[in-house]
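Q: Sending over a structure as structure tokens; questions will come in a sec.
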Amino acid sequence: MEGLKAIVLLANGADTYAHELLARAQEHDAARPDAELTVILSADSPSVTRADAVVVGSGAGGAMVARTLARAGLDVVVLEEGRRWTVEEFRSTHPVDRYAGLYRGAGATVALGRPAVVLPMGRAVGGTTVVNSGTCFRPSLAVQRRWRDEFGLGLADPDQLGRRLDDAEQTLRVAPVPLEIMGRNGRLLLQAAKSLGWRAAPIPRNAPGCRGCCQCAIGCPSNAKFGVHLNALPQACAAGARIISWARVERILHRAGRAYGVRARRPDGTTLDVLADAVVVAAGATETPGLLRRSGLGGHPRLGHNLALHPATMLAGLFDDDVFAWRGVLQSAAVHEFHESDGVLIEATSTPPGMGSMVFPGYGAELLRWLDRAPQIATFGAMVADRGVGTVRSVRGETVVRYDIAPGEIAKLRVALQAIGRLLFAAGAVEVLTGIPGAPPMRSLPELQDVLRRANPRSLHLAAFHPTGTAAAGADEQLCPVDATGRLRGVEGVWVADASILPSCPEVNPQLSIMAMALAVADQTVAKVVGVR
């Protein structure tokens, strides 16, 4: 039933608001043109290509690795399963078609468990940076020290990682969301937090020139959101790197304990090989373990384990007047009051109606009536720092993610929902929607608190956008499939540089963490490859 509800919401939202979204997409000229990239379709690529290094994946990690290696004088090929999208396509393509084309499995990936968790993952040149919210938080010093001290990951030493975080921020041109484009959804969060005496601030984002069209999750129609397809990848190409799109890497080629390239599959089923002495895997935390296993390199018992998802939940508030939550920045302001104490990060997050409306109550006619009231609704969400209890496996060649939320995280979700409820009522909401099946709208804080105390948290609608940890890097050979320099144990010539190497939940949106760690691994790769030439 919940699956049917999601389909109804997406279809209705698309039909009702697509015209407005397209009109807003075309309202202004693009903030910047598409970047110059050397992209070759896999259909046009020869069956065998030779290079010094091949990078699997063009997202946050892969892009930074490609740039570093190319600038060091190496001949670099980047392989990307998805395709390149242009700003003109984002300006003119129907929102549903953008959503279906930009995500793996048309956005229908789910982590199995109680409850199931929606897990959308980008698939395009630029990876998930093309479809994320643009939020750019640094991992806290406490997290960096934990990675260094508990896992022996020297690359995470705050002095070293701090410099690379600076580099990532400069590459992305990170700055706080301006109030004038934030939108009312974010301003309501800040006003409510101020009235409660809670710490809150605009979110730092990589979106210079953003006008607040709230379409980050389906490709920015003005190229304002500054994903790696607009900076690190063109910088890599300017240094000589090439990108082959529509190329799904099937396995790493190796013999006698040393890698010598990769084999990828084109959409028509034919294959192409890229032969290189250095292979850097940056396919993401859900795909990297499967690639290593398909390659016969998945022998480490912890590979595919330790999956953290940073589970997220939300509440919505009905106001007497219009909010138009989707007229502004998708993720705009954050409350930090419970972050250090409880592992809860609250963010004002809104998507176009239908995409993020699972908290609307009922089905059928009741659900449609709530969709008609979407202009009067504000949405606040929260993510909770979790332990790595999930797994990633391959079943008949398909990735299967399993994640059963732990009791400790359930307690954090309760803290998060209670806090969001207080914020919504403090902001002036007349009713709060929980998304709990059968629960009516709440009209007072005590009523909401009572329902949340009695509710089974496994009935909540959860989503996750930040899978990490499935090929953790560190000094302990028993715990970490990847060593403290980013090299895959058990084979020469393979490094990993994506979210899978983060040994524990970064506790914030992970884009900067991934990019900084990828820079660190890339430096190690250059030192090794150049040193033996």
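The values are calculated or read from the model by the stated rules, or taken from the named source; none is laboratory data. Just so we're clear, the structure is a prediction, and the values are computed from it rather than from any experiment. Counting neighbours? That spans all protein chains shown, and the Cβs are built from the backbone with ideal geometry, glycine included.
Q: Please work out which residue is modelled with the lowest pLDDT, limiting yourself to segment 421-474 and to residues that are of a type in the set (Val, Ile, Thr) and crowded, with 19+ Cβ neighbours inside 10 Å.
A: Only one residue fits best here, namely Ile436.
Q: Taking Thr379 as the residue in question, decide whether it is of a type in the set (Ser, Thr, Tyr), buried (at least 20 other Cβ atoms within 10 Å of the Cβ) and in contact with a Gly (Cβ under 7 Å, 6 or more places away or on another chain). Give the steps one after another, and end with the answer.
A: Values: of a type in the set (Ser, Thr, Tyr): yes; buried (at least 20 other Cβ atoms within 10 Å of the Cβ): yes; in contact with a Gly (Cβ under 7 Å, 6 or more places away or on another chain): yes.
Here the answer is yes, as Thr379 does meet what is asked.
Q: Working carefully through the options Thr379, Thr391, find the one that is touching a residue at least 60 places away in the same chain (Cβ under 8 Å) and not assigned by TED's automatic domain parsing to the domain that holds Gly197.
A: Going through Thr379, Thr391 in turn, just one is touching a residue at least 60 places away in the same chain (Cβ under 8 Å) and not assigned by TED's automatic domain parsing to the domain that holds Gly197: Thr391.
Q: Would you mind telling me which numbered condition in (1) in a loop (DSSP other than H, G, I, E, B); (2) under 20 Å from the mean Cα position of the chain (by Cα) Thr313 fails?
A: Against the list (1) in a loop (DSSP other than H, G, I, E, B); (2) under 20 Å from the mean Cα position of the chain (by Cα), Thr313 comes up short only on (1).
Q: Within the set of pairs 6 or more residues apart or between chains, which connect a residue that is within 19 Å of Phe319 (Cα to Cα) inside segment 185-204 to a residue that is among the hydroxyl-bearing types (Ser, Thr, Tyr) and outside any loop (DSSP other than H, G, I, E, B) with Cβ atoms less than 7 Å apart?
A: If the second residue must be among the hydroxyl-bearing types (Ser, Thr, Tyr) and outside any loop (DSSP other than H, G, I, E, B), the pairs left are Asn185/Ser332; Asn185/Thr379; Gly186/Ser332.
Q: Of all residues in segment 348-382 being of a type in the set (A, V, I, L, M, F, W, C) and over 20 Å from Ser332 (Cβ atoms), which is modelled with the lowest pLDDT?
A: Met358
Q: Related question: Would you point out which residue out of Arg258, Arg184, Arg266, Arg251 is in contact with a strand residue (DSSP E or B) (Cβ under 9 Å, 6 or more places away or on another chain), farther than 19 Å from Ala35 by Cα, charged (D, E, K, R) and assigned by TED's automatic domain parsing to the domain that holds Ile420?
A: Arg184
Q: Glu180 passes all but one of (1) over 20 Å from the mean Cα position of the chain (by Cα); (2) surrounded by 15 or more Cβ atoms within 10 Å (Cβ to Cβ); which number fails?
A: The number of the failed condition is (2).
Q: Could I ask something else about it? Does segment 340-357 contain any residue that is among the small types (Gly, Ala, Ser) and either surrounded by fewer than 19 Cβ atoms within 10 Å (Cβ to Cβ) or free of Cβ contacts under 8 Å to residues at least 40 places away in the same chain (or both)? Please lay out each step first, then the result.
A: Residues of segment 340-357 that are among the small types (Gly, Ala, Ser), as a first pass: 341, 343, 348, 350, 354, 356-357.
Filter once more, so that each one left must be either surrounded by fewer than 19 Cβ atoms within 10 Å (Cβ to Cβ) or free of Cβ contacts under 8 Å to residues at least 40 places away in the same chain (or both): 341.
Yes - at least one qualifying residue is present in segment 340-357.
Q: Oh, and also: Within segment 122-135, can one find any residue that is at pLDDT below 95, out of contact with any Lys or Arg (no Cβ under 7 Å at 6 or more places or on another chain) and buried (at least 21 other Cβ atoms within 10 Å of the Cβ)?
A: yes
Q: Okay, moving on. Using beta carbons and a limit of 7 Å, which pairs, at least six apart or on different chains, have the first residue in segment 136-161 and in contact (Cβ under 8 Å) with a residue 24 or more places away in the chain and the second one of a type in the set (Phe, Trp, Tyr)?
A: From residues that are in contact (Cβ under 8 Å) with a residue 24 or more places away in the chain, the pairs are Leu153/Trp147; Ala156/Trp147.
Q: For Val77, are the conditions met, namely being of a type in the set (Val, Ile, Thr) and assigned to a helix (DSSP H, G or I)?
A: Values: of a type in the set (Val, Ile, Thr): yes; assigned to a helix (DSSP H, G or I): no.
No: the conditions fail for Val77.
Q: Another one. Could you run through segment 262-296 and say how many residues are under 19 Å from Val521 (Cα atoms) and either free of Cβ contacts under 8 Å to residues at least 40 places away in the same chain or surrounded by fewer than 22 Cβ atoms within 10 Å (Cβ to Cβ) (or both)?
A: 1
Q: Here is a further query. For segment 428-451, indicate whether the set of residues that are part of a loop (DSSP other than H, G, I, E, B), under 25 Å from Ile514 (Cβ atoms), touching a helix residue (DSSP H, G or I) at 6+ places or on another chain (Cβ under 8 Å) and not acidic (Asp, Glu) is non-empty.
A: No, segment 428-451 contains no residue that is part of a loop (DSSP other than H, G, I, E, B), under 25 Å from Ile514 (Cβ atoms), touching a helix residue (DSSP H, G or I) at 6+ places or on another chain (Cβ under 8 Å) and not acidic (Asp, Glu).
Q: So is Arg114 modelled with pLDDT under 95 and either assigned to a loop (DSSP other than H, G, I, E, B) or under 20 Å from the mean Cα position of the chain (by Cα) (or both) or not? Spell out how you get there, then give the answer.
A: Working: modelled with pLDDT under 95: yes; either assigned to a loop (DSSP other than H, G, I, E, B) or under 20 Å from the mean Cα position of the chain (by Cα) (or both): yes.
So Arg114 fits the description; yes.
Q: Considering only segment 86-100, state which residues are part of a loop (DSSP other than H, G, I, E, B), of a type in the set (Ser, Thr, Tyr) and under 15 Å from Ala23 (Cα atoms).
A: If the condition is that a residue be part of a loop (DSSP other than H, G, I, E, B), of a type in the set (Ser, Thr, Tyr) and under 15 Å from Ala23 (Cα atoms), then Thr93 is the only one that fits.
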